[in-house]
Amino acid sequence: MTFGADTEDLLRTVDLRLDGRRIWSFRVGEAVSLDGSETGRRLMPWPRVMPPYLEGRSTFSLHPVDGEGPELTASARFGDSDEPVNFADSHGLGLIINKWGNIGHALADYPAGIEQRLLDRLDLIRDVLADKSEVDVYVTGGTLLGPYRDGRVMPNDDDADLAYLSPHSHPADVARECLQIGRALVAAGITVVRCSAGHLQLHFEHEGRPDGYVDIFTGWIDDFGWWYQLFPIRAQVSREQLVPPRTLMIEGRPQPMCREPELMLDAIYGPGWATPDPGFVFDVPQDTQDRFYGWMSDQHMNRTPWEDRYRYDLLGNRVELGTAPTDYVRAVADTLDPGSFVVELGCGRGHDALWLARQGHVVEALDYVRWPMIRATEYAAANELPAGFRTLNLYDPRRILAFGAEMAGRGMPATVYARDLLPTVWDVGRPNLWRLLSMLLRGGGSAHLDFAVSHSLAPDPRIGGPMHRILDIDVLTEEMAGFGLAVTGTSEVTEAITWPNTADEVDLTKTRMVVSWQRAAR
Amino acid sequence: MAARSTVKRLAGGPARRVRGLVQRAFVPQLAELMADRDRLNRELGLAFESVSAAHQGIADLQAEAKALRERLDMTLLLAEANQEEIRQVKAGLLETRRQSLRIAELADVVTEIVLPLHDRDIDPEALKRLSADTY
């Protein structure tokens, strides 16, 4: 989109409104000048996730957040439709572009009463933590900032944020405590997504629809007086500055906040926290990021773009499940005995797994994104197919060991199938994959995995979208040898594939390899 | 000679009167000017001293800057020479931090998965044999 701006506008944040509803915020200075000058027309690209939704005719306006300056309004038509542009999810909930540049929801777009429902959930979560742990809980992030600064919940937020202060001072104890807290929350009937050993995301539904989520961030003070709180805080703070918590009234209800809230807000948002800035983005020092990554790892690794893919990919979700098997699964099926037991890793929507189940094979299919697992489970049940779907995160070694033990306990050989998994797994996750294969294949069977060798589609996901990169079979072979695995066969194929954020179908040269367990791991 | 004396005698009287008048009129200012001159001379001397001191200061600073530059160059050289070492230290730091997580994960696996899986197979006799190795 293009618009005119003056020099004094460059630091200004504007809301982009679609037919009057806020869908995005950005700083004017982020838009590129069309003639290289500070004044005149500027170009702001649409967020990369938005173009598929741009179909129809609507009014777009740029509204200065500070209320200064004119509001710019224009009508636009995308494609041939005269219907209004529908930027909403499959439940009809309006979507926004959040501060991460991803599609999300704003509290303002949920059904009425979302604030009270979120506060109910904060109470529930705090009750569980009070009952099952020794931590001190308080609101943080936007849930502290909005009510403390503005006296109300931030309408552009899409979640509620809780943090706690652990009684422990060593990261190993803090991590283990968070693992136990995750289990306690699951036992309380809450849907918990683990983003790291110190960050949980709790999801809720209302009337059958997703209804916002709550983040819980771990915090602790080490033996040297450094206060850590995922993911942006590292500061010299005493325990007495944080606890015991004080009371903050949010929408008329008492919630705990730390003793010196301005200290926390400064640590999270910087000294400018008192000035509203919807275009705010985090700028966490690298040495702080390194500490958290080392101590708490990252089990979300690329999951957000995949979640977005399965929640918001309009075209992909219209294809009936199990009706679009890939060439690879057909080739693998040719090698199977009737009624084989197949484990599919990284099954996505489950097309191949459901197709295999239709061929009479017993399938256990896994992915680390829960939305397609829920949908595929319902489809398999409705169609009485012998296919089970569940989430498994290759970045969580605890779940790998548990799942591997469970499968080994079945006492039957497994065929493992994983298409396009290796190119998407970060290096840190591959040892877990090899360990899982070594557990699954000890009773016999083989694994079928492929990877691109011609070129990468998305070598670095930090620029947007899930990773897909080339790999070297010599590296993989050497890694696998340490887990008692060996490549027993390879073939080269050319596949036409589409990938999130690649415009068109592209031809990739891939190596398909067959892996077996050869000996006990050293 | 006689003529010159005559002229001198004739003109001497008025000239003395004029000088007297000029002295009466300007001597205070003259004294003031001379005092100013003396003060300015002193200040000029001080200024020269200041300039000399400044020159010395600049010279000292230049020497210090030179020394700092040399130290900086040496530090940069050291840093460049130790890039590989720094990379190794950073990797080691990351690995050390990761060990914390691994300990937490393994402790979690043992208490939540391994022990519950095996508790039905625990042999009380085997437990009795697990005597403490220290007191």
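The values are calculated or read from the model by the stated rules, or taken from the named source; none is laboratory data. Since we're looking at a predicted model, the values are computed, not measured. Quick reminder, even Gly has a Cβ in these numbers, built from the backbone with ideal geometry, and neighbours come from all protein chains shown.
When the test is whether a residue is more than 30 Å from residue A:213 (Cβ to Cβ), in contact (Cβ under 8 Å) with a residue 24 or more places away in the chain and under 28 Å from the mean Cα position of the chain (by Cα), residue A:31 passes it.
The set of residues in segment A:397-423 that are out of contact with any helix residue (DSSP H, G or I) (no Cβ under 6 Å at 6 or more places or on another chain) and modelled with pLDDT of 95 or more comprises A:415, A:418, A:420, A:421, A:422, A:423. From the list A:476, A:471, A:449, the one residue that fits, being surrounded by 12 or more Cβ atoms within 10 Å (Cβ to Cβ) and assigned to a strand (DSSP E or B), is A:449. Pairs linking a residue in segment B:47-63 that is surrounded by fewer than 10 Cβ atoms within 10 Å (Cβ to Cβ) to a residue that is among the acidic types (Asp, Glu) and at pLDDT 95 or above, with Cβ atoms under 6 Å and 6 or more positions apart or on different chains, do not occur. With respect to the stated conditions, residue B:90 is within 14 Å of chain A (Cβ to nearest Cβ) and either of a type in the set (Lys, Arg) or exposed (fewer than 10 other Cβ atoms within 10 Å of the Cβ) (or both). Residue count for segment A:146-161, restricted to those that are outside any loop (DSSP other than H, G, I, E, B) and farther than 25 Å from residue A:367 by Cβ: 7. Scanning segment A:193-207 for residues that are free of Cβ contacts under 8 Å to residues at least 24 places away in the same chain and more than 12 Å from the chain's Cα centre (by Cα) gives A:203, A:205. Considering A:294, A:360, the condition of being at negative phi, modelled with pLDDT of 90 or more and surrounded by fewer than 21 Cβ atoms within 10 Å (Cβ to Cβ) is satisfied by A:294 alone. Of all the criteria given as (1) surrounded by 14 or more Cβ atoms within 10 Å (Cβ to Cβ); (2) within 14 Å of another protein chain (Cβ to nearest Cβ); (3) farther than 22 Å from residue A:142 by Cα, the one not satisfied by residue A:312 is (2). Please work out if residue A:163 is free of Cβ contacts under 8 Å to residues at least 60 places away in the same chain, closer than 24 Å to residue A:251 by Cα and touching a strand residue (DSSP E or B) at 6+ places or on another chain (Cβ under 9 Å). In short, no.
Note on segment A:395-431: residues that are in contact with an Asp or Glu (Cβ under 6 Å, 6 or more places away or on another chain) and aromatic (Phe, Trp, Tyr) amount to 1. Taking the criterion of being part of a helix (DSSP H, G or I) and more than 24 Å from the chain's Cα centre (by Cα), the residues of segment A:130-145 that qualify are A:130, A:131, A:132. The residue pairs whose first member lies in segment A:289-301 and is over 19 Å from residue A:467 (Cβ atoms) and at the interface with another protein chain (Cβ under 10 Å from one of its Cβ atoms), whose second member is at pLDDT 95 or above and assigned to a loop (DSSP other than H, G, I, E, B), and whose beta carbons are closer than 7 Å, counting only pairs six or more residues apart or on different chains, are A:292/A:230; A:296/A:197; A:296/A:198; A:296/A:230. Scanning segment A:421-458 for residues that are of a type in the set (Lys, Arg) and farther than 19 Å from residue A:411 by Cβ turns up A:430, A:435. Within segment A:105-122, the set of residues being surrounded by 19 or more Cβ atoms within 10 Å (Cβ to Cβ) and in contact with a helix residue (DSSP H, G or I) (Cβ under 9 Å, 6 or more places away or on another chain) comprises A:107, A:110, A:114, A:115, A:118, A:122. In the set (1) within 14 Å of chain B (Cβ to nearest Cβ); (2) of a type outside the set (D, E, K, R); (3) closer than 30 Å to residue A:174 by Cβ, the condition left unmet by residue A:407 is number (3). When the criteria are applied in full, residue A:268 meets the requirement of being within 28 Å of the chain's Cα centre (by Cα), at pLDDT 95 or above and under 15 Å from residue A:146 (Cα atoms). Could you say whether any residue in segment A:135-143 is among the charged types (D, E, K, R), more than 14 Å from chain B (Cβ to nearest Cβ) and surrounded by 19 or more Cβ atoms within 10 Å (Cβ to Cβ)? There is at least one residue in segment A:135-143 that is among the charged types (D, E, K, R), more than 14 Å from chain B (Cβ to nearest Cβ) and surrounded by 19 or more Cβ atoms within 10 Å (Cβ to Cβ). For residue A:391, the test of being of a type in the set (S, T, N, Q), over 22 Å from residue A:335 (Cβ atoms) and out of contact with any Lys or Arg (no Cβ under 6 Å at 6 or more places or on another chain) is failed.
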